[in-house]
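Read through the structure below, which is laid out as structure tokens, and then see the notes.
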Amino acid sequence: MIGLKNEFKSSSLEDWIVQLTKDLKGENFSLLMRKDEIEEIEYSTFQHQESAEIYNQSPGQFPFTRGLNSTSNDWLNGFLIEVKNEQIANKKALEVLMKGCDLLLFDLSSSTNTNFKTLFEGIQFDYIKTQIELANYDQFMDLKAYFQEEIPTTITFNQDSNSFKSKTALSDVLISELKQQQSFAIQINGFAIQQAGATTWQEITYCLSEGHSAIVYLMGNGLTIDEAAACIHFTVGIGSNYFFEIAKLRALKQNWASIIKAYEPTHNCSYNCVITAQIGFMNKSFKDPYTNLLRQTTETMSAASGGVHAIVVHPYDACSSNGSSNLSERMALNMSLILKEESYFNQVIDPLGGSYAIEDLTSKIARKSWESFQQLEQNGGFEKEETKHHFIEQINQKAKLRLDELQSATKIVIGVNKFPNPQEVKTNTFISKTSAFGLNSINFETELIAVK
């Protein structure tokens, strides 16, 4: 294959345009241009090296569009467990660990007094990763007591950035701990924004603004930029717009590295943008489980190709009043495993890096989100109520546009507004699983039924 490229004549951009014009047979050339009305991004259906922005980047080097990892593209296969009963939660944790999960996410926000002995019975934390969302100070102290004051380094926390900065007893004790030993403790929850209907660049804008605010807060409490950066991780949502979602992840890494660089870190690892991707519910149908599986698969592929550190595929019916089924849970875990063991998505770092189309989308999303972030900062950030409410209104407008597309059938979503499942399926009620700034997650199937 070496030198094979030289055997073929190279075509210029002008040659392409001439041929494309001929193939259009009199149709307007503008047909080859697209504009995503919701994303507000224009792009061409063809790309050539003469028209593309080409960057000679390598994984592990600034601006880290291709990530920090330079050895593999492996990721953790996560499963979320909402702890309401410790015995039931423990049983579920052991079950999913036996089915290929290597990242447990415990949500303790609904549990005030947690029996960690029952919850953690039989779980060997040395061999897996764990993320825990705590509800209060007492839970943290009970957790430390359970581990005899030494919480394993494989356990990190999912404390929301807003609550962390609210000066509670829990945030105070965590800051004290982070000064001694850094670990990922502050979660920037872009997933909640995405599930409310935000665009790719709005989600990045939120992540950048909240992440930067957390950096400033930690440094104001005595941590260095290197120490502060080691305490922050991101959770993002993955939608069905395949290439946009890949470009979004790359753009987030690039823009986060630019923020960190402004503080002149000492260590290269401080640029690391640690991302947990979550596959949510917005475009899922209660009545068409098999189409849901196809959507979840392509969304997982986007997350893997974008180079995330962990992927959590939520069972498509986890947000229903009946809860998740055995089938939806098993399939949610299997998607990551199949992409690793059979498709080898974990073997190639940033597999779409260098693609003219992906690089073009990455550049446009990065630029748009950076401009939006700068505007937010100039207007006082989310700490200013007026700025926050304006941002909420912008997301609500995008959510309305998405619903309008489905109602008018401008966008076809199988099983929702086209080709519904002919079999009788017991109807579930949608339960919003995420919220941020008063924004609730949406489910278009439920919204459409409500309108009808």
Selection count where residues are over 19 Å from Phe184 (Cβ atoms) and at pLDDT below 95, scope segment 116-136: 1
Restricting attention to segment 377-394, does a residue exist that is in contact (Cβ under 8 Å) with a residue 24 or more places away in the chain, part of a loop (DSSP other than H, G, I, E, B) and either within 24 Å of the chain's Cα centre (by Cα) or farther than 27 Å from Gln254 by Cβ (or both)? no
Determine whether Ile311 is touching a Lys or Arg at 6+ places or on another chain (Cβ under 9 Å) and crowded, with 18+ Cβ neighbours inside 10 Å. no
Can you pull out every residue in segment 361-383 that is among the charged types (D, E, K, R) and buried (at least 19 other Cβ atoms within 10 Å of the Cβ)? Lys364, Lys368
I need the full set of residues from segment 216-243 which are part of a helix (DSSP H, G or I), surrounded by fewer than 24 Cβ atoms within 10 Å (Cβ to Cβ) and either in contact with a Lys or Arg (Cβ under 8 Å, 6 or more places away or on another chain) or among the hydrophobic types (A, V, I, L, M, F, W, C) (or both), in order please. Val216, Tyr217, Met219, Ile225, Glu227, Phe243
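Residues checked against (1) loosely packed, with under 15 Cβ neighbours inside 10 Å; (2) within 27 Å of Gly307 (Cα to Cα); (3) in contact with a Phe, Trp or Tyr (Cβ under 7 Å, 6 or more places away or on another chain); (4) among the small types (Gly, Ala, Ser):
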| residue | (1), (2), (3), (4) |
| --- | --- |
| Leu24 | yes, no, no, no |
| Ser44 | yes, yes, no, yes |
| Ser58 | yes, yes, no, yes |
| Gly67 | no, yes, no, yes |
| Ser72 | yes, yes, no, yes |
| Leu97 | no, yes, no, no |
| Cys101 | no, yes, yes, no |
| Leu134 | no, no, yes, no |
Return the pair list, or none, for Cβ contacts closer than 6 Å from residues in segment 140-153 that are surrounded by 15 or more Cβ atoms within 10 Å (Cβ to Cβ) to residues that are assigned to a loop (DSSP other than H, G, I, E, B), at least 6 apart or on different chains. Phe140/Leu134
The condition of being of a type outside the set (Phe, Trp, Tyr), touching a strand residue (DSSP E or B) at 6+ places or on another chain (Cβ under 9 Å) and surrounded by 18 or more Cβ atoms within 10 Å (Cβ to Cβ) holds, among Ile193, Ile175, only for Ile193
Would you confirm whether or not segment 274-293 contains a residue that is in a helix (DSSP H, G or I), farther than 30 Å from Thr224 by Cα, of a type in the set (Ser, Thr, Tyr) and modelled with pLDDT under 95? yes
Return a yes/no flag: does segment 28-40 have any residue that is closer than 30 Å to Leu401 by Cα, β-branched (Val, Ile, Thr) and surrounded by 13 or more Cβ atoms within 10 Å (Cβ to Cβ). yes
Return the pairs, sorted by first residue and then second, in which the second residue is of a type in the set (A, V, I, L, M, F, W, C) and surrounded by 24 or more Cβ atoms within 10 Å (Cβ to Cβ), the first residue lies in segment 197-217 and is free of Cβ contacts under 8 Å to residues at least 40 places away in the same chain, the beta carbons are less than 9 Å apart, and the residues are 6+ apart or on different chains. Val216/Ala228
Hey, among Ser441, Ser408, which residue is hydroxyl-bearing (Ser, Thr, Tyr) and either at pLDDT below 80 or within 23 Å of the chain's Cα centre (by Cα) (or both)? Ser441
In segment 179-196, which residues are part of a helix (DSSP H, G or I) and either in contact (Cβ under 8 Å) with a residue 24 or more places away in the chain or hydroxyl-bearing (Ser, Thr, Tyr) (or both)? Lys179, Gly190, Phe191, Ala192, Ile193, Gln194, Gln195
Which one is nearest to the chain's Cα centre (by Cα) among residues in segment 116-133 that are over 11 Å from Ala89 (Cα atoms) and assigned to a loop (DSSP other than H, G, I, E, B)? Ile128
Could you list all residues from segment 18-49 that are more than 16 Å from Ser363 (Cβ to Cβ) and either in contact (Cβ under 8 Å) with a residue 12 or more places away in the chain or of a type in the set (Phe, Trp, Tyr) (or both)? Leu20, Phe29, Leu32, Met33, Glu37, Ile38, Thr45, Phe46
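The values are calculated or read from the model by the stated rules, or taken from the named source; none is laboratory data. Bear in mind the structure is a predicted one, so any value in this text is a computation, not a measurement. Using ideal geometry, Cβ is built from the backbone for each residue, glycine included, and neighbour counts are taken over all protein chains shown.
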